[in-house]
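Readers should treat all values here as calculations from the given coordinates under stated rules, not as data from a laboratory. Remember, it's a predicted structure, so these values are computed and weren't measured experimentally. For neighbour counting, all protein chains shown are included, and Cβ atoms are generated from backbone atoms with ideal geometry for every residue, glycine included.
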Amino acid sequence: MSEWLVLALAMTASCAVVLSVALLRQRRLGDAEEDTSQTPDVIEYITMMIGVVYAIVLGLAIAGVWEERNAAEDLVVREAQALHEVSARAEVYPAQVREDIRGDVDRYVEHVVDTEWSRMVEDGELTARGDELITAVRSHVSGFEPRTTLQSHAYQGMVDQITAAEQARIGRGQSVEPTLPAVVWFGLVVGAVVTVGMVFALQIRRSARELVLAGLFSALIAFLLFLIWVFDEPYARGLADPAEAFHTLFPDVTGG
């Protein structure tokens, strides 16, 4: 059973139960026996509860996408920093090995910035070429046998940094998809419509003050939904320059 079918059944069942109880109670008591003089304003109470619940849902959604946005940015920084460390630690290696390692790192960074990033945003996946290039970096590093104590220390550190870069790359690939599933977006949009609609249930007058407040309230909800939409896909919209770490640490390769 799909989640949409479960959602539809749950909403339909809850509405049916509430309406059935209300209709049965009204039939049993009758209009003559119904005393509304001591009844609280149900519409205002429901409006208040809807606003509170929707505010909590909005707050959780904003917190979730903001946290995911920061995590996505951190993954890029970790990947770029790890590769930069590999290039820097290769300084103690023989000239030919050093150039091979740095060449592999530069080719990988160039591919990520120029080719893989657009593919990642458009298709939601990493490239096979990127996997080949990061594997080539590991092969050149692990294929060299250190001959000095300094090279031995650099070797272990480079292996650790390549592992960190690969883990960050995997995390970057997993962070491409939108943070919020479609069912959550459905709830946010429907909640916005219901919340704004309850303003009219209070029978607002057409005075300038009430119209301005209603307009500002609707604009605020629209802004918060737009904010969630922007941060929902950090690599596509949530970051001003998603590959900034690569541009900063590899300016000669990326032209940054």
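Classify the chain from the C-alpha gyration tensor, please: rounded if a/c falls under 1.5, else prolate or oblate depending on whether a/b exceeds b/c. Cα axes put the chain in the prolate bin.
Taking packing as the residue-averaged number of other Cβ atoms within 10 angstrom, the listed peptides 87-96, 102-111 run from highest to lowest as 102-111, 87-96. Over the chain, with a Gaussian network built from C-alpha contacts below 10 Å, which listed residue (LEU239, LEU227, LEU211) shows the highest mean-square fluctuation? Largest GNM mean-square fluctuation: LEU211. Axis angle, to the nearest 10 degrees, between helix 42-89 and the longest C-alpha principal axis of the chain: 0 degrees. Here the average projected area of the convex hull drawn through the C-alpha atoms of segment 63-138 stands at 5.6 nm². Helices in the chain, meaning DSSP H runs of at least 4 residues, each add -39500 (n - 2.57). Divided by all residues, the mean residue ellipticity at 222 nm is -26500 deg cm²/dmol.
Taking Cα atoms only, the orientation of helix 149-174 departs from the longest principal axis of the chain by about 30 degrees. Among 116-124, 144-152, sorting by the average number of other beta carbon atoms lying within 10 angstrom of each residue, highest first, gives 116-124, 144-152.
Taking every C-alpha pair closer than 8 Å and separated by at least 6 residues, the mean separation divided by the residue count of the chain gives a relative contact order of 32 percent. When peptides 187-200, 166-179 are sorted by average Cβ neighbour count within 10 Å, with the highest value leading, the order is 166-179, 187-200.
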